[in-house]
1. In nm, to one decimal, how far is the residue 3 label point from the residue 121 one, both placed 7 Å along Cα→Cβ?
2. On full extension of the chain, what length is gained from residue 100 through residue 61, given 0.36 nm per residue of separation minus the C-alpha to C-alpha distance?
3. Quote the accessible area belonging to residue 5 in square angstrom, nearest 10, computed with a 1.4 Å probe and with ligands, DNA and RNA left uncounted.
4. Not counting ligands, DNA or RNA, and with a 1.4 Å probe, what is residue 68's accessible surface area in Å² rounded to the nearest 10?
5. Check each of the GluC sites (Glu not before Pro) in the range 25-108 and keep only those in coil by DSSP with at most 11 other C-beta atoms within 10 angstrom; list them in order.
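The values are calculated or read from the model by the stated rules, or taken from the named source; none is laboratory data. Given the structure is predicted, the values throughout are model-derived calculations rather than measurements. Neighbour counts run over all protein chains shown; Cβ positions are idealised from the backbone, glycine included. The area values use the complete protein model at the heavy-atom level, side chains included, leaving out ligands, DNA and RNA. Shrake-Rupley method; radii C 1.70, N 1.55, O 1.52, S 1.80 Å.
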Amino acid sequence: QVQMVESGGGLVQAGGSLRLSCAASGRTFNMYGLAWFRQAPGKEREFVAGINRSGGTTYYADSVKGRFTISRDNAKNTVSLQMNSLIPEDTAAYYCAARSSMGITTASVTYNYWGQGTQVTVSS
């Protein structure tokens, strides 16, 4: 089992930055592909960024490419999302997720473990 807890959300003006962190429990943390998803009110949950087991491969949604950076520290059991140049359209609840295999996928149904979410609000 893996339990995940996000932190770092908040209110920021457009153009600003936030860093989200997710702390995970479980001795096999480094066996999992990890990702960040987000869900805005009235919309479906969407993939934001993913990272493979070693951290050597990352993948981003087109809407955040060049602005967001995902990283992981397997020694500390954490995954982070650095968000720069934020825009109002980035406003959503952000969730970290883990899957029981090494690769990256964009489909939420392939992820086995989820955090409770952290709210990010970008004002114009």
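1. Inter-label distance under the simple model: 2.9 nm.
2. 11.9 nm
3. Using a 1.4 Å probe on the heavy atoms, I get roughly 90 Å².
4. Spelled out: residue 68, probe radius 1.4 Å, area about 10 Å².
5. Here the GluC sites (Glu not before Pro) that fit, given the DSSP loop and packing criteria, are 44.
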